[in-house]
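Student: Submitted below is the structure of interest, expressed as structure tokens.
The values are calculated or read from the model by the stated rules, or taken from the named source; none is laboratory data. In this text the structure is predicted, and so the values were computed from the model without any measurement. Because the Cβ atoms are built from the backbone with ideal geometry, glycine has one as well, and the counts that use them run over all protein chains shown. Calculation scope for accessible area: heavy atoms of the full protein, side chains included, ligands and nucleic acids excluded. Shrake-Rupley method; radii C 1.70, N 1.55, O 1.52, S 1.80 Å.
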Amino acid sequence: MWAAEVGDDVMGDDPTVNALQEKAARLFGMEDALFCPSGTMTNQLAIRVHTQPGSDVICDKYSHIYLYEGGGIMLNSFASVKLLDGDRGRLTAAQVADAISPENDIHSTITRLVSLENTMNKGGGSYYNINEIKSIKQVCMDKKIPLHLDGARLFNALVETGESPFQYGQLFDSISICLSKGLGCPVGSLLIGSTKTITNARRFRKVMGGGWRQAGFLAAAGIYALDHHVERLKEDHTRARAIGDIFSKKSEVEEIFPVDTNIVIIRLQESISETEYVKKLEKSGIRAVTFGKNLVRFVTHLDFTDDHLEEMRRKLEV
Ligand SMILES: Cc1ncc(COP(=O)(O)O)c(C=O)c1O
């Protein structure tokens, strides 16, 4: 990172940022990409670009863009939502088709975007079968509605399915990926899409105060992560499954969500407060977050090693 050649990215002059953006666009077979400080910003830029005030975004009721981005769909884009009840966050083409507003109906919002999340955070790292995404894409194409992917953890899905970023690039009009999270960068996300989408997003990034100067120091980490930290995500999944096994033996745990990738969600017995449980874990050096009533979420990542896993096992198997 220190060795990165940098320039002024607001002027489009940072060679390392440009190299990262070109690399990501090439990887997904899309025209352009935009480096941003966060996944929230890349999602919100996509929504801003694709929608108009008074239109709606179709997404799962647990999607990050709706639940955890501070009401940005409304605040940034003046758009509404159609919330669907997916299978651990995964929508079907039939659900999407049913939710699209009828044409020329002045009572309805106008559907301007369908947004999927893969892997699905709130679904416990669940991931899509690509055939379902293809069917959703067909529905969107028939109705001329763009399809966005919140792919904050897309690479976690890809290492499980063996699919390529290129296949995903063919299916979506815009894709957000996070270089932080599992890929291990200190900060940064990318929005990937057509030249037109990214040109518009660059303008709104500036409006939001997200134009940054010598961001090449951070982009250098992104380039490294894409080259070195993707395949190893499988190790995170193995460790997450091991954490699931540890909790399966704990009497206070009522249920463990299927561990598909790097997220483990446990449901505690009704009488146990998730907040107190997380505090207790924290005292013993295990960090997790509350994730709804009786729910606690653990995430494995680059900095969580086999030694940490063994330490966790020792602390919990007493
Ligand atoms: C699925 C998903 N999308 C988007 C984001 C937003 O990323 P950031 O925290 O970089 O804004 C997150 C963060 O946890 C996430 O889990």
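Student: Given a Förster distance of 22 angstrom, what is the FRET efficiency for Ser164 paired with Thr238, based on the Cβ-Cβ distance and rounded to 0.05? Mind showing how you got there, number by number?
Tutor: Values: r = 22 Å, r/R0 = 0.99.
Efficiency for this residue pair is about 0.50.
Student: Follow-up. Quickly work out the Glu103-to-Glu317 label distance, labels modelled 7 Å from Cα along the C-beta direction, and quote it in nm with one decimal.
Tutor: 6.2 nm
Student: If you don't mind, there's one more thing I want to ask. Roughly what would the spin-label model give for Glu282 and Asn129, points 7 Å off Cα along C-beta, in nm?
Tutor: Placing both labels 7 Å along Cα→Cβ, they lie 4.1 nm apart.
Student: Here's another thing I want to ask about it. I'd like the distance separating the alpha-carbon centroids of the stretch 220-237 and the stretch 108-183, in whole Å.
Tutor: Between the Cα centre of the stretch 220-237 and that of the stretch 108-183, the gap is 19 Å.
Student: In Å and from the alpha-carbon atoms only, list the Rg and Dmax of the chain.
Tutor: That works out to 20.1, 64 Å for Rg and Dmax.
Student: Could you sort the peptides 301-309, 155-163 by per-residue average Cβ neighbour count (10 Å cutoff), highest mean leading? Numbers along the way, then the final one.
Tutor: Values: 301-309: 13.4, 155-163: 18.3.
Highest mean packing first, the order is 155-163, 301-309.
Student: Please quote Rg/Rh for the stretch 97-184 to two decimal places, taking the Kirkwood radius as Rh and restricting both calculations to Cα atoms.
Tutor: Details: Rg = 14.4 Å, Rh = 14.0 Å.
Rg/Rh: 1.03.
Student: Using 0.36 nm times the number of residues separating Gln269 and Asp307, minus their current alpha carbon distance, what extension gain do you get? List each step's numbers first, then the result.
Tutor: Working: separation 38, 0.36 × 38 = 13.68 nm, distance 2.89 nm.
10.8 nm is the gain from fully extending Gln269 to Asp307.
Student: Tell me the trypsin sites (Lys or Arg not before Pro) within the stretch 100-186 that lie in a loop according to DSSP and have at most 13 other beta-carbon atoms within 10 Å. Write out the running numbers ahead of the final one.
Tutor: Numbers: sites: Arg112, Lys122, Lys134, Lys137, Lys143, Lys144, Arg153, Lys181; in loops: Lys122, Lys144, Arg153.
Sites meeting the loop and neighbour criteria: Lys144.
Student: Per residue, how much accessible area does the chain show when a 1.4 Å probe rolls over the protein heavy atoms, in square angstrom? Could the numbers behind the result be given before it?
Tutor: Numbers: 14550 Å² over 318 residues.
In whole numbers, the chain has 46 Å² accessible per residue.
Student: Between Lys144 and Glu252, what is the FRET efficiency for a Förster distance of 51 Å, r being their Cβ-Cβ separation, to the nearest 0.05?
Tutor: 0.50
Student: Please list the non-local residues whose amide H lies under 5 Å from the amide H of Val81, H modeled 1.01 Å from N, same-chain partners needing a gap of 5 or more.
Tutor: Val57
Student: For all pairs of alpha-carbon atoms in the stretch 21-147, what percent lies in each bin of width 10 Å, listed from the first bin to the last filled one?
Tutor: P(r) for the stretch 21-147, in whole percents per bin: 13, 41, 39, 7, 0.
Student: Related question: Which value in nm describes the separation of the simple spin-label points at Val187 and Met74, placed 7 Å from the Cα toward the beta carbon?
Tutor: So the label points at Val187 and Met74 sit 2.9 nm apart.
Student: Give me the accessible area of Thr51, 1.4 Å probe, in Å² rounded to the nearest 10.
Tutor: Its heavy atoms expose roughly 10 Å² to the probe.
Student: As an exercise, identify the trypsin sites (Lys or Arg not before Pro) in the stretch 245-318 lying in DSSP coil whose Cβ has no more than 15 other Cβ atoms within 10 Å.
Tutor: Passing sites in the stretch 245-318 are Lys249, Lys250, Arg287, Lys293.
Student: For a quick check of understanding: with a 1.4 angstrom probe and all protein chains in place, what accessible area in square angstrom does Met11 have, to the nearest ten?
Tutor: 130 Å²
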